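Q: Can you keep this structure in mind? I'll have questions shortly.
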Amino acid sequence: DEKERFDPSQFQESIVQGLNQTGTDLEAVAKFLDTSGAKLDYRRYAETLFDILVAGGMLAPGGTLSEDLTCTEFCVFKAQEDMETMQAYAQVFNKLIRRYKYLEKGFEEEIKKLLLFLKGFTESDRNKLAMLTGILLANGNLSASILSSLFNENLVKEGVSACFAIKLFKSWLSEKDINSVAGSLRKVGMDNRLMELFPANKRSSEHFSKYFNEAGLKELSDFAKNQESIGARKELQKEIEDQMARGDPLKDVRHQSFFY
């Protein structure tokens, strides 16, 4: 009944109890989540469900755990900080969303929210989230549009976004090649926005290249450089076409196209 009071605490108790029983056995976790979907209202409490699976309990605005409810140690943030563990967790989310398709949108919203909360998480939690997100992007469980959260002014200003992006892209590129990553970025118009990971005074291709090259992500920096030159060529081409349409003297047009 929609009029029923929204009370996620009971839901959290049930999920936390189940996770505490299944422990570190992620196969058992996936099975528990599969069967619980028939009894619990995942549709209504999707955000709570994902908060628990990632952080161990419901998150207050800013990313801190709500203190007044029982939390679980069996979640992404309490897991080992390595790719293998994050791949196993990615499978849990993958199975859950395949089983309950209606959770797909809620999951994307959750990841967008978690990215906005990055400053509230420890460095280790950020690293795990970056690895997990990279794997989920590679698996096609998430759309690259979630990256828009990283363009948040505060995250960018404090360097949190660029730092997180390195971990995320390393994870993504360990699963897929640059062409696949580029395709996913293009699909949602993110291919030309990577420069926005940096504050306005550092948005230069030199800074971008240096930053990502030093982090061992040369293919990403090459891709961004290529995108920039394509963008510049398109702009110039349009300018020339406009001049020709206006009937500007041909020598002016030729002078421009020489640089083009």
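The values are calculated or read from the model by the stated rules, or taken from the named source; none is laboratory data. What you see is a predicted model, and the numbers here were worked out from it, not measured in a lab. Neighbour counts run over all protein chains shown; Cβ positions are idealised from the backbone, glycine included.
Q: Just checking, does segment 132-139 include any residue being surrounded by 15 or more Cβ atoms within 10 Å (Cβ to Cβ) and farther than 16 Å from VAL181 by Cα?
A: No.
Q: Follow-up question, since we're still on this one. Just to be sure, is ASP34 free of Cβ contacts under 8 Å to residues at least 40 places away in the same chain and closer than 24 Å to GLN87 by Cα?
A: no
Q: Considering only helices (runs of 4 or more DSSP H) fully contained in segment 126-234, which possess at least 1 residues that are farther than 27 Å from TYR100 by Cα and of a type in the set (A, V, I, L, M)?
A: Where helices (runs of 4 or more DSSP H) fall fully within segment 126-234 and carry at least 1 residues being farther than 27 Å from TYR100 by Cα and of a type in the set (A, V, I, L, M), they are 153-157, 160-175, 178-187.
Q: Could you figure out which of (1) more than 19 Å from PHE117 (Cα to Cα); (2) touching a helix residue (DSSP H, G or I) at 6+ places or on another chain (Cβ under 9 Å) isn't true of MET58?
A: Result: MET58 fails condition (1) only.
Q: For segment 8-32, name all the residues that are small (Gly, Ala, Ser), surrounded by fewer than 18 Cβ atoms within 10 Å (Cβ to Cβ) and part of a helix (DSSP H, G or I).
A: Answer for segment 8-32, where residues must be small (Gly, Ala, Ser), surrounded by fewer than 18 Cβ atoms within 10 Å (Cβ to Cβ) and part of a helix (DSSP H, G or I): SER9, SER14, ALA28.
Q: A follow-up question, please. Could you figure out which of (1) modelled with pLDDT of 95 or more; (2) over 23 Å from LEU147 (Cβ atoms) isn't true of LEU53?
A: Condition (2) is where LEU53 drops out.
Q: Quickly run through segment 47-91 and pick out the residues that are under 20 Å from PHE11 (Cα atoms), of a type in the set (Gly, Ala, Ser) and in a loop (DSSP other than H, G, I, E, B).
A: GLY56, GLY57, ALA60, GLY63, SER66
Q: What number of residues in segment 96-125 are among the hydroxyl-bearing types (Ser, Thr, Tyr) and assigned to a helix (DSSP H, G or I)?
A: Here the count works out to 1.
Q: Please find, among VAL188, VAL156, the residue that is in contact with a Ser or Thr (Cβ under 6 Å, 6 or more places away or on another chain) and either within 19 Å of GLU110 (Cα to Cα) or surrounded by 15 or more Cβ atoms within 10 Å (Cβ to Cβ) (or both).
A: The match here is VAL188.
Q: Could you tell me how many of the residues in segment 220-247 are surrounded by fewer than 16 Cβ atoms within 10 Å (Cβ to Cβ) and at pLDDT 85 or above?
A: 1
Q: Just checking, how many residues over segment 109-121 are more than 10 Å from PHE50 (Cβ to Cβ) and of a type outside the set (Gly, Ala, Ser)?
A: 7
Q: For segment 37-52, enumerate the residues that are farther than 16 Å from LYS95 by Cα and either buried (at least 19 other Cβ atoms within 10 Å of the Cβ) or in contact with an Asp or Glu (Cβ under 8 Å, 6 or more places away or on another chain) (or both).
A: Matches in segment 37-52: TYR45, GLU47, THR48, ASP51, ILE52.
Q: While we're looking at this one, here's another question. For segment 182-193, which residues satisfy the criterion of being aliphatic (A, V, I, L, M) and modelled with pLDDT of 90 or more?
A: Once the filter is applied, which keeps residues that are aliphatic (A, V, I, L, M) and modelled with pLDDT of 90 or more, segment 182-193 yields ALA182, LEU185, VAL188.
Q: Could you grab the pairs with beta carbons closer than 7 Å, sequence gap of 6+ or different chains, first residue in segment 233-249 and over 27 Å from ASN192 (Cα atoms), second one at pLDDT below 75 and surrounded by 10 or more Cβ atoms within 10 Å (Cβ to Cβ)?
A: Here the result reads MET244/VAL253, each pair linking segment 233-249 to a residue that is at pLDDT below 75 and surrounded by 10 or more Cβ atoms within 10 Å (Cβ to Cβ).
Q: Failed condition for LYS113, given (1) over 17 Å from the mean Cα position of the chain (by Cα); (2) surrounded by fewer than 20 Cβ atoms within 10 Å (Cβ to Cβ); (3) within 25 Å of PHE11 (Cα to Cα), with all others met?
A: It fails just one condition, (1).
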